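Remarks on the structure that follows.
The values are calculated or read from the model by the stated rules, or taken from the named source; none is laboratory data. Computed from a predicted model, the values in this text were never measured in an experiment. Positions of Cβ are backbone-derived with ideal geometry, glycine not excepted, and every protein chain shown enters the neighbour counts. The accessibility values were calculated without ligands, DNA or RNA, using every heavy atom of the protein model including side chains. Shrake-Rupley method; radii C 1.70, N 1.55, O 1.52, S 1.80 Å.
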Amino acid sequence: VEYTADDFFDQAESLFREQKYIEAVGYYTLALAKNSSMVKSYLRRAEAHLQAGKRLNARADYRSAADLYINSAMYSQAIFCYDKIIEFQPDASDPFSLRGWAKISAGDYDNGLADLQKALSFMPDDQQALFDVESWFTSAD
């Protein structure tokens, strides 16, 4: 029997409901091995990681989901993923920078620029963040 990504995802969901988060992570991972663009597996695996206390793994999965959303021009969904990262890593500059660009891409220029400036406030010498803010101003002209 050949199992599909959906089969593995369904098994993971069942384990998640039973609060067997580590086991669920394994099945979400199998689903992603079958279909690496299955964004719902990244999102649910991130939630399972959070429940298991593995914040860095959750961050990586939210970032992977956000990347898939950005590549599909689904900016509000990507912003949701960056929001989740910011919830448990409020002092990290990169999710603010990435969320800023997602907001700008979605047409929310003021809030996007505010996020870019927030990213810069964490690391004033961050050359990428400086470039991002300067690029925004140059493209806005």
Fill in the blank from the handout: Pairs returned, first residue in the range 79-103 that is closer than 24 Å to GLN51 by Cα and in contact (Cβ under 8 Å) with a residue 40 or more places away in the chain, second residue that is open to solvent by 30 Å² or more (accessible area, probe 1.4 Å) and of a type in the set (Gly, Ala, Ser), beta-carbon separation under 9 angstrom, 6 or more apart or interchain, are none
Completion exercise
Restricting attention to the range 40-78, the residues that are within 21 Å of ASP6 (Cβ to Cβ), in contact (Cβ under 8 Å) with a residue 12 or more places away in the chain and outside any helix (DSSP H, G or I) number exactly 0
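Does ASP83 count as among the acidic types (Asp, Glu) and under 22 Å from ALA5 (Cα atoms)? First the steps, then the outcome.
Details: among the acidic types (Asp, Glu): yes; under 22 Å from ALA5 (Cα atoms): no.
The answer is no for ASP83.
Taking the options ALA78, ALA73, ALA92, ALA60, name whichever one is out of contact with any Pro (no Cβ under 6 Å at 6 or more places or on another chain), surrounded by 17 or more Cβ atoms within 10 Å (Cβ to Cβ) and not polar (S, T, N, Q).
ALA78
Taking the stated definitions as given, is LYS84 modelled with pLDDT of 95 or more, of a type in the set (D, E, K, R) and touching an Asp or Glu at 6+ places or on another chain (Cβ under 7 Å)? Break it down stepwise before answering.
Numbers: modelled with pLDDT of 95 or more: yes; of a type in the set (D, E, K, R): yes; touching an Asp or Glu at 6+ places or on another chain (Cβ under 7 Å): no.
Here the answer is no, as LYS84 does not meet what is asked.
Scan the range 17-62 for residues that are among the aliphatic types (A, V, I, L, M) and closer than 15 Å to PHE80 by Cα and report the count. Outline the logic, then answer.
Step one: list which residues in the range 17-62 are among the aliphatic types (A, V, I, L, M), which gives 22, 24-25, 30-33, 38-39, 43, 46, 48, 50, 52, 56, 58, 60.
From what is left, the residues that are closer than 15 Å to PHE80 by Cα are 39, 43, 46, 58, 60.
Counting residues in the range 17-62 that are among the aliphatic types (A, V, I, L, M) and closer than 15 Å to PHE80 by Cα gives 5.
Hey, could you check the range 1-17 for residues that are outside any helix (DSSP H, G or I) and not hydrophobic (A, V, I, L, M, F, W, C) and say which is nearest to SER36 (Cα to Cα)? So that I can check it myself, show each step before the final result.
As a first pass, look at the range 1-17 and keep what is outside any helix (DSSP H, G or I): 1-4.
So of that shortlist, the ones also not hydrophobic (A, V, I, L, M, F, W, C) come out as 2-4.
Details: GLU2: 17, TYR3: 15, THR4: 12 Å.
In this case the residue turns out to be THR4.
Taking the condition over 24 Å from SER37 (Cα atoms), surrounded by 22 or more Cβ atoms within 10 Å (Cβ to Cβ) and at pLDDT 90 or above, does ASP108 pass?
no
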